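> Provided herewith is a single structure, encoded as structure tokens, for subsequent inquiry.
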Amino acid sequence: MIEAVHAFGDEEGAARRLAEALNAPFHLIQTHVFPDGESLPTVAAGAGTVAIYRSLDRPDAKLMPLLLAADALRRRGVGRLILVAPYLAYLRQDMVFEPGQPLSRDVLGRLLGERFDAVVTVEPHLHRTSDLTPVFAGAPVVALSATAPLAAALAPAPPGALVVGPDGESQAWAQALAKLLSAEVFTFTKTRHGDRLVDLTLTDAAQVEGRPVVLVDDICSTGGTLVAALNALRSMGARSIDLAVAHALFDTDTEARLRAAGARRILSTDSCPHPTNAAPLATLLAQALRNL
Ligand code: R5P
């Protein structure tokens, strides 16, 4: 049983929703920032099993205060500390792509796995990793799918709707979402040339013309991938294009670029706070925490 949910002020909304879904008290972590930028969190007293909610968008700013708060909670008497990180950063660097680079996934995994007894996350970027538990120093990692909350926010899908994934890596969860919406599915093949430049080619001769499309991706950051997909789908004659993303890691201009490229509705889960959040994760996360 989760005794309480602790969170920092910048994620109070989503963390309070989780506490309500668990019927557990919510405690705000107070943070003092020293003039040189160092942070000093202060946590409420705790005991038993406690969850700390910290989604890891903007990871470099968020990680150090999280580690300090974890230490403070242990000193306060918490026995079992569970990290609820709906978005887990650094998983895209799941191999050394170029000589001289780090294996960021493993650095993050060790850092968190040695301090938390379990981690609950949503739609982690697991392209070459089937199980994160060994990466997280043996701490169990529960990876949840965002398809059910996104499907609930999208439903009902219009008749003839087509679910489209922008790359082969999105295929499995585009298929899962399509199943929940009783829609057909197809995926592009993506070649990335840089942070903001991608090419998409068609792998599937799906009939797009005149059909309503739901374009889905796990992460949207610069929007480069989804803008390329929007452009291709418009040129193929899609009637309307709605977007559903698990993690809205949007740059300041991403939403405007997606709208300019023809996106009608843009929906995201509340894993990263953004005005497009329309699919709350609290019920899903609470269920996973109860089953731990
Ligand atoms: C890549 O493998 C991911 O699934 C996303 O397609 C990617 O992270 C999106 O990034 P951006 O919005 O910058 O194209």
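> Considering only C-alpha atoms, what is the centroid distance from the range 73-137 to the range 144-210, in Å?
27
> Same structure again: Restricting attention to the range 76-151, which trypsin sites (Lys or Arg not before Pro) occupy a DSSP loop and are surrounded by at most 10 other Cβ atoms within 10 Å?
Of the trypsin sites (Lys or Arg not before Pro), the ones in loops of the range 76-151 whose Cβ has at most 10 other Cβ atoms within 10 Å are Arg128.
> With a length cut of 18 Å (Cα positions projected on each helix's long axis) and a Kyte-Doolittle mean of at least -1.0, go through the chain and give me the DSSP H helices that pass.
Sorted by number, the helices that extend far enough and score high enough are 59-75.
> Another question, then. Given +1 on the Cβ of Lys and Arg, -1 on the Cβ of Asp and Glu, and no further charges, what dipole in debye does the chain carry about its Cα centre, rounded to the nearest 20?
Details: 26 positive and 31 negative charges, 89 e Å.
Using only the charged Cβ atoms, the result is roughly 420 debye.
> Moving on to the next point. Between Val33 and Arg128, what is the FRET efficiency for a Förster distance of 51 Å, r being their Cβ-Cβ separation, to the nearest 0.05? Intermediate values should be presented prior to the final figure.
Details: r = 37 Å, r/R0 = 0.73.
Step by step, r from the Cβ atoms, then E = 0.85.
> For Asp218, Asp60, which order do you get if you count the other beta carbons within 10 Å of each Cβ and list the fewest first?
Asp60, Asp218
> Can you give the extra length, in nm with one decimal, that the chain gains between Met236 and Asp117 once fully stretched, where that is 0.36 nm per residue apart less the Cα-Cα distance?
Fully extending the segment from Met236 to Asp117 adds 38.0 nm.
> While we're looking at this one, here's another question. Using the number of other C-beta atoms within 10 angstrom as an exposure proxy, rank Val185, Val5 with the fewest first.
Val185, Val5
> OK, next. Quick check on the exposure proxy: order Glu169, Glu38 from fewest to most C-beta atoms within 10 angstrom.
Glu38, Glu169
> Please build a GNM for the chain, connecting alpha carbons under 10 Å apart, and tell me which residue among Ala85, Ala244, Ala152 fluctuates the most.
Comparing Ala85, Ala244, Ala152 in the GNM, the peak value goes to Ala152.
> For a Förster distance of 22 Å, can you work out the FRET efficiency between the beta-carbons of Glu98 and Asp60, rounded to the nearest 0.05?
Calculated value: 0.60.
> Kindly provide the helix-only [θ] at 222 nm of the chain, computed as the sum of -39,500 (n - 2.57) over DSSP H runs of four or more divided by all residues, to the nearest 500 deg cm²/dmol?
Values: 8 runs with 85 residues, N = 292.
Taken over the chain, the calculation gives -8500 deg cm²/dmol.
> Would you mind calculating the relative contact order of the chain from Cα pairs under 8 angstrom and at least 6 residues apart, reporting the percent as a whole number? Show your work: numbers first, answer last.
Numbers: 613 pairs, mean separation 39.2, N = 292.
Across the chain, relative contact order equals 13 percent.
Rule-based calculations on the coordinates, nothing more; no lab input. These figures come from a predicted structure and were not determined experimentally. Heads up, the Cβs are rebuilt from the backbone with ideal geometry, glycines too, and the neighbour counts pull from every protein chain shown.
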